[in-house]
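First comes the structure, then the notes that go with it.
The values are calculated or read from the model by the stated rules, or taken from the named source; none is laboratory data. On a predicted model such as this, the values are computed, not experimentally measured, just so you know. Here the Cβ positions follow ideal geometry from the backbone for every residue, glycine too, while neighbour counts run over all protein chains shown. Heavy atoms of the whole protein, side chains included, go into the accessibility calculation; ligands, DNA and RNA do not. Shrake-Rupley method; radii C 1.70, N 1.55, O 1.52, S 1.80 Å.
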Amino acid sequence: MQRYLQAQRQGPSVLDSPKLIRNITIDRCSNFISGGANGNDVNLMSQLYKARTNSEDHISIWVYSVPDLQRISFEEAIQQEFRPSRLGEWFGPSWSTHWFNVEIRIPVEFAGEEVHFIWNADSEALIWDMDGVPLQGLTGGSGSDARHEYILTHQARGGETIQFYIEMACNGMFGTGNGLIGPPDPNRFFNLNELDIAVPNKLAWQLLYDFQIILGMARDLGSETLRASHAMYVANRIVNAFRPDNDDSILECLAISGEFMTSKNGDAQHEIYALGHCHIDTAWLWPFDETIRKCARSWASQIDLMDRYPDYKFVCSQPQQYEWVMQNYPSLWARVREKVEMGQFIPTGGTWVEMDTYMPGGEALCRQFLLGQRFFEQQFGKRCKVFWLPDSFGYSPQLPQLLRLADMQYFFTQKLSWNNVNKFPATTFWWIGLDGSRSLTHMAPSETYNAQCSPEELLRSVRNHRDKVYSNASLLVYGNGDGGGGPLAGMIERLRRMRDLDGLAKVKMSTPVEFYEKVERDTRELSSWKGELYFELHRGIFTTHALCKKYNRSSEFLLRDVEMLSALAFAIDKATYPYEKDTFDELWKMVCVIQFHDVLSGSAIEMVYDDCLRMYNKIDTTGKFMRDSLLDKVMNMDDTSALIVDAKGLAVVNTLAWTREDVIEVPLVDGLPTMDQYSAFGQCGYTLVKDIRGLGVTGVPLHRTDLHPSDPEAGDGNSYNDGTDYTGHLPRYDYEPVSVTTNEQNSIVVENKYLQMTMDRFGHMIGLYDKQCERELIKAGERGNVFKMYEDIPLFWDAWDVEIYHLEKYRTVEEGSVQILERGPLRASLLVEKPISPTSRLRQIVILTAASRRIDFDTEVEWNENRQFLKVEFAWDIMADSISYETQYGIVQRPTHYNTSWDSAKFEVMAHKFADMSEFGYGVALLNDCKYGYSAHENKLRLSLIRSPKAPDSNCDIGHHVLRYAIYPHQGHFMQSDVVREGYNFNVPLITRMVPANRLSRLFPDGFPQFRLEGAPNVVLDTIKKAEDSDCLILRLYEAYGGHASARLHCSVAMETIEACNILEDAIETIYQLASKTKGVDRTFSQNIRFLDEDFAQLQHQARQRQQAEGASLKLNPFQVLTLKIKLDLDTPWS
């Protein structure tokens, strides 16, 4: 019996309390580590510091408040006069800066201890040492991104004095607005509510990190799992063992937690590669200048963590931010370079900023990669392999090709996890672009780039991994972001504890490339996704902040033209026409930085767009000055005496690669002959120019038309503006005039040799007849040029979103008036005016010329609305299941129906210069010069014009708008059309100069290179620039329709070599080599030998001429982007 009783005593004890109730136990344990819960004065949080003081005996501060919202340098700040300040003082207003001189006197009783400085003013700040070295950022407030502590010393002597400066910025992590996206409050003030020095209780901190893991597992593993139950039991034991102000009890708690943490994982557990990260929006709820300081605050904090945790690795993108730090914080930049060399600070991304990928033009995307990769290579000696874009709002289908051409292999994002209609079906997959290029792509299954290193995020990474059948690894990107900050020490501590812990995936601190190489090495096969990665949210960004988008388009084309002309001029005479590469780089950097995904999208605060307008103004004035100065120089227009000559002509410069015909405006100057037609208000004349050669200049004589055609002085092709000559005869035109009439319904009919357009009295297009095809394009009862106002109230993201339900609630703008402005013969135009609402009006000139199938709508809008969305709609008698939308270097097909949820989700989409609706044999394109939003359903195609969101910019798009759109009916399906060229024509006007008639035959100097493409109308020569590192020319071409192409490239100057290269201009292969020149021959034997040598040289020269005349053969695959590096031979004359 005694032996039996003894055995009973050795077993588990009997509970003397009720069994644990899960929800109550979890709540109890949560309160144990909460700073705001009941009992927080006696829980674990109350024990994190064992000594703390804010006594002015130990802390003294003096402040200098910088006037006029200036941001000044450290050197300037420390020379100012500081005044005493203290805990509890308020500072402001918003965006102001206050510099503090801080003096700390360590208490004697702190000797031997680590001492922290604690600062909380609910704002951002940066600690500087006395020599001007940034030490660490501070983030105020009480959120998870708070960073209040700075380690003054790891082992105090006691009694010593420590001095430093604090630069306080009067803005929070997310600016100064109310709520996350509220417009900034210009009068927000910030209170210095914590100013302490303290000794941390390191045992309590260790227990805190352990307990966060254990509680997270108890809460998130699932109540049915054994490990969750065990974790809950252990957490509850720790709470029971804890005693306030008793370190022995903390040691007991650590023993309990340590036992739990010893259980390890199995070999087959999911592997997570953890990357420290700090997403800093280059501008968003704060201006660009504040981003510069955010970079310094964030990066200084991360370098401090690298010093404390040698295994910690931090990835960082956006070379623009690196350049800002390099220029403004040289001592911090030196530390960045040191940590890059050590492999802890890891440059990634490869583009100048984390840009929007839909709206920038193709060349702008190339420049993002070119600027980004060259910066990293020049500063750190290596390029990036991973294209890093975690937060952009959708991804162009040409990115797989472009990142491959930028010497990159991998792509990372996570943004499609925000989709609000369909869940994207892949996590690790091959993304296949328009041209068939593929990129190994991963979307973090934790569905965030701001992970906090919790057990729940590890569990989510496994649960949401949609390709774990094929791949057993994923990325966890952790650290506070958007407004910067980055990882906190606690995140690293938690990661260390979760490295190999039973119940969770395995975790290791790693690099992006290590993860992707692991996938390549260990994964047998993966699924694929072809085409764009359409983001099913934030569809309003294609329209918001219209002026920024307008200048983006015009700046891209302006730089294209200036670079092209500069490169061609430089090629013939480097001394006379120097190529201003530094200026081009500066201007392209401005274009690229504005293409950051929260700027070009229109989702930033008003201050950001003030900055953008200043940059765009510089781009515009500098670019136009460079272009005009170069043309003056090339055409020798500096000799102003020549302009006195009575006879005038036009120099017409065409920067596109095909021959053009157009009706152009001619400024009214002395000596100008009578024109065929003058504008409605007599401000200019019109003339028809034909056969304007591509990539060059054409001289156009301006004949007198004030004489009868039979007069010997008249010449050919004279005509009269009023329609008759002085004898009453009709003039002879070398074109079929455009005409304007009014029909019996009082509608206006405008007609040229191609089209007959009918407009009703309200400005709606009620008829469009193709005379050549004998086809009516608008059904009876339907109309075009119909303006619709949609109620536009998103669920939350005001500037970002237009929601699917906006299509349910709209009104049609019916009222309006039409007047005839111009009746031909070269151009007919109508003035349409419409009251959109009691507060907004629209005015547009509808134009049809004698030379084109295109009908232009030059539109102005006075806009003052609240959450309304204006679109223009055209209904065509065309049957099409899809629309061809232009994207960079190609097109995307999207449906006109709502068959599936995937189709329905694309109710608002992006296009560049056009969207085309086609059926067999016919189609109509809707062109634009500054818009990106389109929508289509059945036979209706709409262009999105203007929105009016109120956050984060309460004045967004209020005011005057100038925009142009056009319709372009064409024979044949889009695939056989010239719509791509017409989109360029609409966006790139001919450049004209008035010149003396006697100069028309020699406008450009001899030897000026002129390129042309033959044999492939589906190939576009888009860009000409000087090579980055040589005097060669770079030509960038692309196949635009999705078919194979065989083209011949010709140049008026001998092309010595042509190399295919990538967009970084690395040579890939030589595709053309001109036959070698005659080399010197020993002529000492006889006169006969010398004659034979000369004869051979002549034959060789003739062979070279034949080769040059044939041009270079180019083969392009569908949607291929082809970059050529061409070395010209300027020494050999070609006749």
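On the given criteria, is GLY88 open to solvent by 10 Å² or more (accessible area, probe 1.4 Å), touching a residue at least 40 places away in the same chain (Cβ under 8 Å) and within 43 Å of the chain's Cα centre (by Cα)? When the stated conditions are applied, GLY88 passes them. The single residue among ARG438, ARG539, ARG463 that is over 31 Å from the mean Cα position of the chain (by Cα), at pLDDT 95 or above and not β-branched (Val, Ile, Thr) turns out to be ARG463. Restricting ALA1060, ALA1067, ALA1016, ALA1045 to those that are over 30 Å from PHE974 (Cα atoms), in contact with a strand residue (DSSP E or B) (Cβ under 6 Å, 6 or more places away or on another chain) and not acidic (Asp, Glu) reduces the list to ALA1067. Scanning the stretch 295-330 for residues that are open to solvent by 40 Å² or more (accessible area, probe 1.4 Å) and among the small types (Gly, Ala, Ser) yields nothing. Looking across the stretch 264-294, the residues that are of a type in the set (Asp, Glu) and either under 18 Å from the mean Cα position of the chain (by Cα) or surrounded by 20 or more Cβ atoms within 10 Å (Cβ to Cβ) (or both) come down to ASP281, GLU290.
Of the strands (runs of 3 or more DSSP E) lying entirely inside the stretch 821-881, those containing at least 1 residues that are surrounded by fewer than 18 Cβ atoms within 10 Å (Cβ to Cβ) span 827-837, 840-849, 855-863. Note on the stretch 894-939: residues that are among the hydroxyl-bearing types (Ser, Thr, Tyr), more than 28 Å from ALA364 (Cα to Cα) and assigned to a loop (DSSP other than H, G, I, E, B) amount to 3. The residue list VAL652, VAL666 contains one member that is in a strand (DSSP E or B), more than 37 Å from the chain's Cα centre (by Cα) and crowded, with 16+ Cβ neighbours inside 10 Å, which is VAL666. Look at (1) open to solvent by 10 Å² or more (accessible area, probe 1.4 Å); (2) under 30 Å from ASN866 (Cβ atoms); (3) of a type in the set (Phe, Trp, Tyr) and you find that PHE920 fails only one, number (2).
Here is a yes/no grid of residues against (1) at pLDDT 95 or above; (2) over 32 Å from the mean Cα position of the chain (by Cα); (3) assigned to a strand (DSSP E or B):
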residue	(1), (2), (3)
VAL962	yes, no, yes
ILE967	yes, no, yes
ARG993	no, yes, yes
LEU1003	no, yes, no
ASP1006	no, yes, no
PRO1009	no, yes, no
ILE1034	yes, no, yes
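Considering each of LEU707, LEU768 in turn, give the residue that is modelled with pLDDT under 95 and not polar (S, T, N, Q). Just one listed residue meets the conditions, LEU707. Condition test on PHE260, is it at pLDDT 95 or above, out of contact with any strand residue (DSSP E or B) (no Cβ under 8 Å at 6 or more places or on another chain) and aromatic (Phe, Trp, Tyr)? So PHE260 fits the description; yes. Among residues of the stretch 603-631 that are farther than 25 Å from ILE958 by Cα, those with a Cβ under 6 angstrom from a residue that is assigned to a helix (DSSP H, G or I) and of a type in the set (Val, Ile, Thr), sequence gap 6+ or separate chain, pair up as GLY623/VAL562; MET626/VAL562; ARG627/VAL562. The conditions of being free of Cβ contacts under 8 Å to residues at least 40 places away in the same chain and either part of a loop (DSSP other than H, G, I, E, B) or open to solvent by 60 Å² or more (accessible area, probe 1.4 Å) (or both) are met by ALA780. Against the test of being over 30 Å from ALA300 (Cβ atoms), out of contact with any Leu (no Cβ under 6 Å at 6 or more places or on another chain), open to solvent by 10 Å² or more (accessible area, probe 1.4 Å) and at pLDDT 95 or above, the options LYS530, LYS549, LYS508 yield a single qualifying residue, LYS530. Against the numbered list (1) farther than 29 Å from SER263 by Cβ; (2) open to solvent by less than 40 Å² (accessible area, probe 1.4 Å), GLU520 comes up short only at (2).
Within the stretch 936-955, restricting attention to residues that are within 28 Å of VAL892 (Cβ to Cβ) and among the basic types (Lys, Arg), which residue is nearest to the chain's Cα centre (by Cα)? Among those residues, the one meeting the criterion is ARG947. Annotation: of all residues in the stretch 429-449 being polar (S, T, N, Q) and surrounded by fewer than 24 Cβ atoms within 10 Å (Cβ to Cβ), the one that is farthest from PHE1119 (Cα to Cα) is THR448.
When the stretch 142-194 is filtered for residues that are on the phi > 0 side of the Ramachandran plot and open to solvent by 20 Å² or more (accessible area, probe 1.4 Å), the ones remaining, listed by number, are GLY158, GLY159, GLY179. The single condition among (1) part of a strand (DSSP E or B); (2) modelled with pLDDT under 95; (3) not aromatic (Phe, Trp, Tyr) that ALA1060 does not satisfy is (2). Evaluate the stretch 954-976: report whether one residue or more is touching a residue at least 60 places away in the same chain (Cβ under 8 Å), under 30 Å from LEU672 (Cβ atoms) and buried (at least 22 other Cβ atoms within 10 Å of the Cβ). Yes, the conditions are met somewhere in the stretch 954-976. Applying the condition of being open to solvent by 10 Å² or more (accessible area, probe 1.4 Å) and over 26 Å from the mean Cα position of the chain (by Cα) to the stretch 473-489 and asking which residue is nearest to ASP281 (Cα to Cα) yields LEU488. Could you tell me which residue of the stretch 977-991 is farthest from SER629 (Cα to Cα), considering only residues that are aliphatic (A, V, I, L, M) and either assigned to a helix (DSSP H, G or I) or without any contact (Cβ under 8 Å) to a residue 40 or more places away in the chain (or both)? This residue is VAL979.
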